[in-house]
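Enquirer: Could you have a look at this structure, given as structure tokens, before my questions?
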Amino acid sequence: MVEAKFVPVVKETVQGHEPIPGRGASWSPANRFEKLHLDANEVDLVDFDPGADEKPRRQTQFFDDRTKTIIAQNQSPDVGFERSVNPYRGCEHGCIYCFARPTHEYLGFSAGLDFESRIVVKKDAPKLLEAELCSPKWKPQLLMMSGVTDCYQPVERKLQLTRGCLEVLARFRNPVGILTKNRLVTRDIDVLAELARHNAVAVNLSITTLDSKLQRILEPRTSPPAGRLDAVSQLRAAGIPVGVMVAPVIPAINDHEIPAIVAACAKAGAQFAGHVLLRLPWAVSPLFEHWLDEHFPERKQKVLSQIRATRGGKKLYDSRWATRQTGEGTLAEEIGNMFKISCRRAGFGDRPKLTAANFRRPNEQLKLW
């Protein structure tokens, strides 16, 4: 199989090397589907004084998604689920490494700044979910929330679309898995506890680093590490199955933190864990390389060299099933072994097996009376 390679639509010169406070990306690479590309950060294309001390910050904009369905399907054999619910497209968390960034290109946006500042909102998500679960065509099974972008990103505090979806899932007792980097998940402990009573929920906190300084530049609008550990503690205290994802593991950036992260999560109450090696599909690769220029220029070549060592020695990414998650080669094996040993020392068990045996359709219950 010939692997597709990211090829820019136009040859670009990134404007400067100054990071934008509160953003992971500082530029917008060309959309691979577009023939015309304008970068809003280029000095010749925006209306501001080039002599000013600071450039204007990119404000977040929200767009209404009029989609008619909410349950997405995937055929990836290595992600652990086949169906997912994503109330948002794009993610203001701004994690520079996010593998979902290229999905924004399907909307006519860029995988760079656009991904974290042009958020598409599915305002009817709870209603659409209820309609699909009511259909006799729906076969009760695990749904994943945050299958693509984080369902607890900042705007969720206001819109509460994720909470609305969870309330629907609780009424139907349909099992759901959650992956998030935001402490906001604790707001919904009441609904999650109801699902837990029917063995229908598991929450994963993604914890990439315990270094708050690194967190602020790597994933700028996420909850700080202490906040995520607190979320683990609160969820465990409420009887909700909770684990941790050490993801992504980035060689020469956070791989050395694996034992400390696992130990801290175990102390907070986590019961299981997983890890994923850094993935750099399509435009994520040049975005990540530029991020290294901005924040770790002296370490850039070492980081890229070690990433290549886990991807066959020449490439920064390998899209093959399973291999894309764990990498291959000596370094990838060392990372995997370090993670396994850390989990064994922490006493972690297997991920809980959720059940759809208690699924019910409330409208059908009413018909019995």
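The values are calculated or read from the model by the stated rules, or taken from the named source; none is laboratory data. Everything numeric here is computed off the predicted structure, so don't read it as measured data. Quick reminder, even Gly has a Cβ in these numbers, built from the backbone with ideal geometry, and neighbours come from all protein chains shown. Remember, those area values only see protein heavy atoms, side chains included, never the ligands or the DNA or RNA. Shrake-Rupley method; radii C 1.70, N 1.55, O 1.52, S 1.80 Å.
Enquirer: Please work out which residue is surrounded by the most Cβ atoms within 10 Å (Cβ to Cβ), limiting yourself to the stretch 189-211 and to residues that are assigned to a loop (DSSP other than H, G, I, E, B) and either polar (S, T, N, Q) or at pLDDT below 95 (or both).
Expert: Thr208
Enquirer: Filter the stretch 229-244 down to residues that are closer than 21 Å to Phe99 by Cα and either open to solvent by 30 Å² or more (accessible area, probe 1.4 Å) or not in a strand (DSSP E or B) (or both), then give me how many there are.
Expert: Of the residues in that region, 0 qualify.
Enquirer: Give just the number: which of (1) open to solvent by less than 90 Å² (accessible area, probe 1.4 Å); (2) modelled with pLDDT of 65 or more; (3) assigned to a loop (DSSP other than H, G, I, E, B) does Ser84 not satisfy?
Expert: Exception for Ser84: condition (3).
Enquirer: Does at least one position in the stretch 160-182 carry a residue that is of a type in the set (A, V, I, L, M, F, W, C), open to solvent by 40 Å² or more (accessible area, probe 1.4 Å), in contact (Cβ under 8 Å) with a residue 12 or more places away in the chain and not in a helix (DSSP H, G or I)?
Expert: Yes, that holds for at least one residue.
Enquirer: Hey, can you tell me all the residues within the stretch 109-121 that are small (Gly, Ala, Ser) and closer than 14 Å to Pro29 by Cβ?
Expert: The answer is Ser110, Ala111, Gly112.
Enquirer: Does Cys151 count as hydrophobic (A, V, I, L, M, F, W, C) and either assigned to a loop (DSSP other than H, G, I, E, B) or under 16 Å from the mean Cα position of the chain (by Cα) (or both)?
Expert: Against the criterion (hydrophobic (A, V, I, L, M, F, W, C) and either assigned to a loop (DSSP other than H, G, I, E, B) or under 16 Å from the mean Cα position of the chain (by Cα) (or both)), Cys151 qualifies.
Enquirer: Something else: Looking only at the stretch 248-264, how many residues end up being closer than 16 Å to Ser212 by Cβ and either of a type in the set (Asp, Glu) or not in a loop (DSSP other than H, G, I, E, B) (or both)?
Expert: 4
Enquirer: Return the only residue of Phe272, Phe359 being under 19 Å from Asn204 (Cα atoms) and aromatic (Phe, Trp, Tyr).
Expert: Every option except Phe272 fails the conditions.
Enquirer: Moving on to the next point. Return the only residue of Leu166, Leu192, Leu143, Leu184 being in contact with a Ser or Thr (Cβ under 7 Å, 6 or more places away or on another chain) and within 18 Å of Ile240 (Cβ to Cβ).
Expert: Leu143
Enquirer: A further question on this structure: Please give the number of the condition Phe109 fails out of (1) open to solvent by 10 Å² or more (accessible area, probe 1.4 Å); (2) hydrophobic (A, V, I, L, M, F, W, C); (3) out of contact with any Gly (no Cβ under 9 Å at 6 or more places or on another chain).
Expert: Only one criterion in (1) open to solvent by 10 Å² or more (accessible area, probe 1.4 Å); (2) hydrophobic (A, V, I, L, M, F, W, C); (3) out of contact with any Gly (no Cβ under 9 Å at 6 or more places or on another chain) is unmet by Phe109, namely (3).
Enquirer: Still on this model: For a quick check of your reading of the model, give me the residue pairs whose first member lies in the stretch 68-97 and is without any contact (Cβ under 8 Å) to a residue 24 or more places away in the chain and farther than 18 Å from Val284 by Cβ, whose second is of a type outside the set (Val, Ile, Thr) and surrounded by fewer than 20 Cβ atoms within 10 Å (Cβ to Cβ), with beta-carbon atoms closer than 8 Å and at least 6 apart or on different chains.
Expert: Every condition considered, the pairs that remain are Gln73/Glu82; Gln73/Arg83; Gln75/Glu82.
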